[in-house]
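A.B. asks: Before I ask anything, here is the structure I am working with.
The values are calculated or read from the model by the stated rules, or taken from the named source; none is laboratory data. Predicted, not measured: the structure shown is a model, and the values here were computed from it. Positions of Cβ are generated from backbone atoms using ideal geometry, with glycine treated the same way; all protein chains shown enter the neighbour counts.
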Amino acid sequence: MVLANDRWSPDAGFSILEVLVAITITAVAVAGLAQMFAISARANTSARMTTYASVLAQQKMEQLRSLTWGFDVLGLPATDTTTNLAVVPETPVGGQGLTPSPESSLGTNTEGYCDFVDKFGKPLGGGTTTAPEGTAYVRRWSVEPLPSNPSNTIVLQVLVTRSGGRNGVDTSRAGVRAPDEARLVSVKTRKAS
(Lines give C-alpha, C1' and ligand atoms only; values in the text may rest on other atoms or scores of the structure.)
Protein backbone atom coordinates (compact mmCIF):
# COMPACT_ATOMS: atom_id res chain seq x y z
CA MET A 1 0.00 0.00 0.00
CA VAL A 2 1.18 3.44 -0.87
CA LEU A 3 0.38 6.74 0.73
CA ALA A 4 -1.27 8.92 -1.95
CA ASN A 5 -2.52 12.44 -1.24
CA ASP A 6 -2.05 11.96 2.47
CA ARG A 7 -4.27 8.84 2.42
CA TRP A 8 -3.61 5.16 2.03
CA SER A 9 -4.84 4.05 -1.34
CA PRO A 10 -5.49 0.35 -2.09
CA ASP A 11 -5.17 1.01 -5.83
CA ALA A 12 -1.75 2.55 -5.70
CA GLY A 13 0.14 -0.74 -6.64
CA PHE A 14 2.39 -3.40 -5.09
CA SER A 15 5.60 -2.97 -3.23
CA ILE A 16 8.74 -4.76 -4.41
CA LEU A 17 8.55 -7.02 -1.34
CA GLU A 18 5.03 -8.18 -2.24
CA VAL A 19 6.14 -8.94 -5.80
CA LEU A 20 9.16 -10.95 -4.60
CA VAL A 21 7.01 -13.01 -2.20
CA ALA A 22 4.50 -13.75 -4.98
CA ILE A 23 7.25 -14.79 -7.40
CA THR A 24 8.84 -17.08 -4.79
CA ILE A 25 5.54 -18.82 -4.03
CA THR A 26 4.86 -19.30 -7.76
CA ALA A 27 8.38 -20.66 -8.40
CA VAL A 28 8.07 -23.21 -5.58
CA ALA A 29 4.67 -24.37 -6.89
CA VAL A 30 5.94 -24.68 -10.48
CA ALA A 31 9.03 -26.62 -9.35
CA GLY A 32 6.80 -29.10 -7.50
CA LEU A 33 4.59 -29.50 -10.57
CA ALA A 34 7.62 -30.07 -12.82
CA GLN A 35 8.80 -32.89 -10.58
CA MET A 36 5.32 -34.42 -10.61
CA PHE A 37 5.24 -34.27 -14.43
CA ALA A 38 8.61 -36.05 -14.64
CA ILE A 39 7.42 -38.80 -12.28
CA SER A 40 4.16 -39.27 -14.19
CA ALA A 41 6.02 -39.43 -17.53
CA ARG A 42 8.24 -42.23 -16.17
CA ALA A 43 5.21 -44.07 -14.79
CA ASN A 44 3.40 -43.79 -18.14
CA THR A 45 6.43 -45.12 -20.02
CA SER A 46 6.72 -48.06 -17.62
CA ALA A 47 3.00 -48.80 -17.91
CA ARG A 48 3.21 -48.74 -21.71
CA MET A 49 6.13 -51.20 -21.69
CA THR A 50 4.39 -53.50 -19.21
CA THR A 51 1.21 -53.47 -21.30
CA TYR A 52 3.16 -54.28 -24.44
CA ALA A 53 4.96 -57.12 -22.64
CA SER A 54 1.55 -58.43 -21.51
CA VAL A 55 0.28 -58.48 -25.10
CA LEU A 56 3.39 -60.38 -26.25
CA ALA A 57 2.97 -62.87 -23.38
CA GLN A 58 -0.70 -63.41 -24.25
CA GLN A 59 0.20 -64.11 -27.89
CA LYS A 60 2.70 -66.80 -26.88
CA MET A 61 0.29 -68.31 -24.32
CA GLU A 62 -2.39 -68.61 -27.01
CA GLN A 63 0.09 -70.41 -29.27
CA LEU A 64 1.00 -72.85 -26.49
CA ARG A 65 -2.63 -73.48 -25.53
CA SER A 66 -3.56 -74.18 -29.16
CA LEU A 67 -1.17 -77.15 -29.43
CA THR A 68 -2.56 -80.68 -29.21
CA TRP A 69 -2.84 -81.99 -25.66
CA GLY A 70 -5.66 -84.50 -25.44
CA PHE A 71 -6.66 -87.98 -26.48
CA ASP A 72 -6.84 -89.48 -29.96
CA VAL A 73 -9.81 -91.46 -31.35
CA LEU A 74 -8.56 -94.63 -29.64
CA GLY A 75 -8.41 -92.88 -26.26
CA LEU A 76 -4.60 -92.75 -26.19
CA PRO A 77 -2.80 -89.58 -25.07
CA ALA A 78 -1.98 -87.25 -27.97
CA THR A 79 0.66 -84.57 -27.47
CA ASP A 80 2.24 -82.13 -29.92
CA THR A 81 5.98 -82.45 -29.31
CA THR A 82 7.31 -81.13 -32.63
CA THR A 83 5.76 -77.72 -33.39
CA ASN A 84 8.36 -74.98 -33.48
CA LEU A 85 6.93 -71.93 -31.68
CA ALA A 86 10.25 -70.08 -31.74
CA VAL A 87 9.81 -69.09 -35.40
CA VAL A 88 7.14 -67.10 -37.23
CA PRO A 89 5.13 -68.52 -38.73
CA GLU A 90 5.30 -71.54 -36.46
CA THR A 91 6.29 -74.76 -38.21
CA PRO A 92 4.87 -78.23 -37.53
CA VAL A 93 8.35 -79.75 -37.13
CA GLY A 94 11.71 -78.77 -35.71
CA GLY A 95 10.53 -77.54 -32.33
CA GLN A 96 9.66 -78.68 -28.84
CA GLY A 97 5.86 -78.27 -28.87
CA LEU A 98 4.60 -79.25 -25.42
CA THR A 99 7.68 -81.27 -24.49
CA PRO A 100 8.56 -80.57 -20.83
CA SER A 101 11.10 -77.76 -20.67
CA PRO A 102 14.36 -77.60 -18.75
CA GLU A 103 14.06 -76.08 -15.27
CA SER A 104 15.95 -72.94 -16.29
CA SER A 105 13.88 -72.08 -19.36
CA LEU A 106 12.27 -69.02 -17.76
CA GLY A 107 15.55 -67.72 -16.35
CA THR A 108 17.80 -68.09 -19.38
CA ASN A 109 17.43 -68.18 -23.15
CA THR A 110 16.90 -71.88 -23.82
CA GLU A 111 16.84 -73.18 -27.36
CA GLY A 112 13.28 -74.12 -28.32
CA TYR A 113 11.77 -72.20 -25.39
CA CYS A 114 12.46 -68.56 -26.28
CA ASP A 115 12.04 -66.10 -29.10
CA PHE A 116 12.87 -62.45 -29.70
CA VAL A 117 10.76 -59.43 -30.71
CA ASP A 118 11.78 -55.94 -31.85
CA LYS A 119 10.30 -52.70 -30.51
CA PHE A 120 7.59 -52.70 -33.19
CA GLY A 121 6.38 -56.23 -32.34
CA LYS A 122 8.07 -57.87 -35.32
CA PRO A 123 9.32 -61.37 -34.47
CA LEU A 124 13.06 -61.75 -34.94
CA GLY A 125 13.09 -65.51 -34.57
CA GLY A 126 14.28 -67.90 -31.96
CA GLY A 127 15.96 -71.23 -31.77
CA THR A 128 19.14 -69.71 -30.42
CA THR A 129 20.29 -68.61 -27.02
CA THR A 130 21.69 -65.31 -28.34
CA ALA A 131 19.35 -62.41 -29.03
CA PRO A 132 19.65 -61.00 -32.55
CA GLU A 133 20.41 -57.32 -33.12
CA GLY A 134 17.34 -55.11 -32.65
CA THR A 135 15.79 -57.26 -29.92
CA ALA A 136 13.59 -55.22 -27.58
CA TYR A 137 11.78 -58.06 -25.80
CA VAL A 138 12.65 -61.67 -25.00
CA ARG A 139 9.81 -64.19 -24.63
CA ARG A 140 10.58 -67.34 -22.66
CA TRP A 141 8.20 -70.13 -21.85
CA SER A 142 8.12 -73.32 -19.86
CA VAL A 143 6.07 -76.50 -20.01
CA GLU A 144 5.98 -78.48 -16.76
CA PRO A 145 3.94 -81.54 -15.83
CA LEU A 146 1.71 -80.91 -12.81
CA PRO A 147 3.26 -83.02 -10.01
CA SER A 148 -0.11 -84.35 -8.81
CA ASN A 149 -1.19 -85.48 -12.32
CA PRO A 150 1.90 -85.47 -14.59
CA SER A 151 0.40 -87.62 -17.34
CA ASN A 152 -2.67 -85.47 -17.95
CA THR A 153 -2.01 -81.91 -16.75
CA ILE A 154 0.71 -79.41 -17.63
CA VAL A 155 1.53 -75.96 -16.33
CA LEU A 156 2.38 -73.41 -19.02
CA GLN A 157 4.29 -70.24 -18.14
CA VAL A 158 5.31 -67.33 -20.34
CA LEU A 159 7.72 -64.60 -19.23
CA VAL A 160 8.35 -61.52 -21.36
CA THR A 161 11.24 -59.28 -20.37
CA ARG A 162 12.91 -56.31 -21.96
CA SER A 163 16.14 -57.08 -23.75
CA GLY A 164 19.03 -56.82 -21.34
CA GLY A 165 17.55 -59.17 -18.80
CA ARG A 166 16.35 -58.83 -15.28
CA ASN A 167 19.27 -56.77 -14.01
CA GLY A 168 19.14 -56.21 -10.28
CA VAL A 169 16.08 -58.38 -9.70
CA ASP A 170 16.36 -61.19 -7.17
CA THR A 171 14.95 -64.10 -9.16
CA SER A 172 15.63 -66.64 -6.42
CA ARG A 173 12.24 -65.88 -4.85
CA ALA A 174 9.26 -67.40 -6.63
CA GLY A 175 6.87 -64.95 -8.21
CA VAL A 176 9.26 -62.00 -8.31
CA ARG A 177 8.39 -59.75 -11.24
CA ALA A 178 10.80 -57.15 -12.52
CA PRO A 179 9.53 -53.77 -13.71
CA ASP A 180 8.27 -53.69 -17.31
CA GLU A 181 7.82 -57.44 -17.64
CA ALA A 182 4.84 -59.76 -17.87
CA ARG A 183 4.36 -63.31 -16.62
CA LEU A 184 1.37 -65.52 -17.44
CA VAL A 185 0.60 -68.95 -16.01
CA SER A 186 -2.00 -71.39 -17.29
CA VAL A 187 -2.90 -75.04 -16.74
CA LYS A 188 -3.89 -77.40 -19.54
CA THR A 189 -5.56 -80.76 -18.89
CA ARG A 190 -6.17 -83.55 -21.38
CA LYS A 191 -9.79 -83.86 -22.45
CA ALA A 192 -11.45 -86.43 -24.64
CA SER A 193 -12.40 -84.94 -28.02
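A.B. asks: For the condition of a type in the set (V, I, T), in a helix (DSSP H, G or I) and in the same structural domain as S151 (by TED's automatic domain parsing), what is the one hit in V30, V87, V55, V73?
C.D. replies: Details: V30 fails: in the same structural domain as S151 (by TED's automatic domain parsing); V87 fails: in a helix (DSSP H, G or I); V73 fails: in a helix (DSSP H, G or I).
The conditions single out V55.
A.B. asks: Could we say that D118 is at pLDDT 90 or above and within 15 Å of R162 (Cβ to Cβ) here? Steps first, please.
C.D. replies: On the way: at pLDDT 90 or above: yes; within 15 Å of R162 (Cβ to Cβ): yes.
When the stated conditions are applied, D118 passes them.
A.B. asks: For residues in the stretch 106-122 being in contact with a Leu (Cβ under 9 Å, 6 or more places away or on another chain) and part of a loop (DSSP other than H, G, I, E, B), which is surrounded by the fewest Cβ atoms within 10 Å (Cβ to Cβ)?
C.D. replies: Per the criteria, the residue is G121.
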